[in-house]
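Engineer: Quick one: the structure is below, and I'll ask about it shortly.
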Amino acid sequence: MSSPTDNIGPLIISDKKSKVLHPRAANYSRRVLYVFEGVGLIVIALATIFAGYQETMSMINTARVTLADLLLMFLYLEILTMVGLYFESGKLPVRFPLYIAMVAMARYVIVDIKEMDNLRLLGVSASIVLVAVAVLVIRYGHVRYPYLEDMEELGEATPHNNHPRD
């Protein structure tokens, strides 16, 4: 005997171990997430541009540019680069947020060095070194153990002739 939902198909197919979304529901969910992701990235980009504009106007009004101002502008550019990379490739390299963290901590040290005690300065400095080591480890791992997609792209980009140069 058939039930009224047999013609529609279940939204959730269930067995005792897992629940799987119906393909149409999964596709719709994916699209909704992509839209929210895109809107969020646009908001981040616009907020970063506005913050950069405010910082630039502040430097113009005071007729003074400090190292802390330049580092802050560099942070804004890194964030915009990260958003641009994500829009282009759909991927976000882990290293970019780490670079931003290192510059942010360096800026923190530069701006607040007069108010910092030795222990806090040592802690922030150790944090910068730790993040730098993390970047090196990630970079080494990426070079030593590349992703399959990267190897395929590299194979397509290099010529297939194995003739030595004369």
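The values are calculated or read from the model by the stated rules, or taken from the named source; none is laboratory data. Since we're looking at a predicted model, the values are computed, not measured. Cβ coordinates were reconstructed from backbone atoms using ideal geometry, including for glycine residues, and neighbour counts include every protein chain displayed.
Engineer: Go through (1) among the β-branched types (Val, Ile, Thr); (2) modelled with pLDDT of 90 or more; (3) exposed (fewer than 12 other Cβ atoms within 10 Å of the Cβ) one by one and return the number of the condition Ile12 breaks.
Structural biologist: Result: Ile12 fails condition (2) only.
Engineer: Looking at the range 60-80, I want the residues that are small (Gly, Ala, Ser) and have a partner that is surrounded by fewer than 17 Cβ atoms within 10 Å (Cβ to Cβ) with Cβ atoms under 7 Å, at least 6 apart or on another chain. Which pairs are those?
Structural biologist: So the pair list comes out as Ala68/Ile110; Ala68/Val111.
Engineer: Residues to consider are Thr48, Thr81, Thr5, Thr56; find the one that is among the polar types (S, T, N, Q), at pLDDT below 95 and farther than 30 Å from Tyr147 by Cα.
Structural biologist: Thr5
Engineer: Restricting attention to the range 67-121, and to residues there that are among the hydroxyl-bearing types (Ser, Thr, Tyr) and surrounded by 15 or more Cβ atoms within 10 Å (Cβ to Cβ), which single residue is farthest from Gly52 (Cα to Cα)?
Structural biologist: Tyr86
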